[in-house]
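The values are calculated or read from the model by the stated rules, or taken from the named source; none is laboratory data. Since the structure is predicted, the reported quantities are computational estimates derived from the model, not experimental observations. FYI the Cβ positions are ideal-geometry reconstructions off the backbone, even for glycines, and counts take in every protein chain you see.
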Amino acid sequence: MGTFRSGFVAVIGRPNVGKSTLLNALVGQKVAIVSDKPQTTRNKIQCVLTTDAAQIVFLDTPGIHKPLHRLGEYMVKLALQSLNEVDAVLWLVEMGNWTKADDHILRELESVTQPIVLVANKADLVSAEGQAEFMQHASEKRQFAGMAAVSALAGENLDTLVELLIGFLPEGPKYYPDDWITDHPERFVFAEFIREEILKLTEQEIPHSVAVYVEEVKEDPERNLVRIRATIYVERDSQKGIVIGRNGAMLKAIGMGARRQIEGLLGVQVFLDLWVKVKKDWRNKPGALREFGYE
């Protein structure tokens, strides 16, 4: 029997480069919310990939960006801190599109001594010649421990990436059972599914001023039903009106989308009761950040 390897890999990259999509594809199940709006990830989501030969514990981090408020400062601080806790760093960039934000991350990584694997996502959208040119350009930025071109959405080259990452892990035990994919409690996942629907359905004004808190989860075994009550917090009265929508239509749509996702996770019928409240300027208040799990 071969040596079993296990360890921790931080996933970093500029906002909206596909980190959550990549993690979901690697572990084969949804553990991180996906949105077309940047800075979707707020917490360090830990997910686990177990193979016959190894166990990789991924630390997904908020996108590294120039912070505009205390929540933003917390997100960037969390992203950089995680690099000191891991065996390797997976830096995700967009194939064919090196940006100023990537140069900013490159500077932040100067003091990192852990192996850095550069992964170019969305490779399916770039020609083979374009891929080779981009990877050559990227390799001149610094000496990477490894490089890979993948498509998280199309599932291309993910097995090769996993084998590459396993090579950087030390011999070690299984930290989690084989069927374990995330260390977050179900309430956190429920809240993230609700937040994802808000990101998907509302306009640019809403996304980063919204937080979701799951107040109550009650199982009803006789009816094979789970009742969930959650509150959506926004910063202004005008945002509350947008989230509720005309005659409650927007809130109903948010609830329907989130309920479908939660039912898919739990395998039982879900009754989801959503409320909307205003907590003014919560992103700049440490007490509110702690309440919503961001500090």
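Can you confirm whether residue 73 is more than 18 Å from residue 146 (Cβ to Cβ) and at pLDDT 70 or above? No, not satisfied.
Does residue 150 qualify as being β-branched (Val, Ile, Thr) and within 20 Å of the chain's Cα centre (by Cα)? Considered against the rule, which asks whether it is β-branched (Val, Ile, Thr) and within 20 Å of the chain's Cα centre (by Cα), residue 150 comes out as yes. Of the residues 192, 235, the single one that is under 25 Å from residue 269 (Cβ atoms), of a type in the set (Asp, Glu) and at pLDDT below 90 is 192.
If we scan the stretch 34-44, do we find a residue that is modelled with pLDDT of 55 or more and outside the structural domain of residue 199 (by TED's automatic domain parsing)? Yes; the residues of the stretch 34-44 include at least one that is modelled with pLDDT of 55 or more and outside the structural domain of residue 199 (by TED's automatic domain parsing). Selection of the stretch 219-265 for residues being more than 26 Å from residue 278 (Cα to Cα) and touching a helix residue (DSSP H, G or I) at 6+ places or on another chain (Cβ under 8 Å) yields 226, 265. Among the residues of the stretch 85-121, those that are surrounded by 19 or more Cβ atoms within 10 Å (Cβ to Cβ), out of contact with any Phe, Trp or Tyr (no Cβ under 9 Å at 6 or more places or on another chain) and under 20 Å from residue 56 (Cα atoms) comprise 89, 92, 121.
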